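Comments concern the structure below.
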Amino acid sequence: MTLVKNKRLTLIIVSILLVFGTSFTDLGYYMNDNQYNTFTRDYGFPAAWLILSSDYEYRSLNILGLLFNFAFFYLILLLIHKLFTTIFGGKS
């Protein structure tokens, strides 16, 4: 129960789970064609952070996209938490 009492740690863990959970579903999966008749798969929502080629010969890890996704989901969860605490009058 200490995890639930520690709001910051809980929000960080849930945002990490959301980043990886939305990346490999239909929400965070994009296919891009190029002029060489190959395609790349971009994973990540809202920013692509993992890029794989069609032959899996090219892999790219976009650190800025990954950090942006962590920050995005953390801020969204923080805003939702503050909204619920002001509406329902709980401790923040």
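The values are calculated or read from the model by the stated rules, or taken from the named source; none is laboratory data. Everything numeric here is computed off the predicted structure, so don't read it as measured data. Counting neighbours? That spans all protein chains shown, and the Cβs are built from the backbone with ideal geometry, glycine included.
Considering the range 11-92, there are no qualifying strands (runs of 3 or more DSSP E) wholly inside with 3 or more residues that are polar (S, T, N, Q), surrounded by fewer than 17 Cβ atoms within 10 Å (Cβ to Cβ) and at pLDDT 85 or above. Does THR2 count as at negative phi, at pLDDT below 90 and more than 21 Å from the chain's Cα centre (by Cα)? Considered against the rule, which asks whether it is at negative phi, at pLDDT below 90 and more than 21 Å from the chain's Cα centre (by Cα), THR2 comes out as yes.
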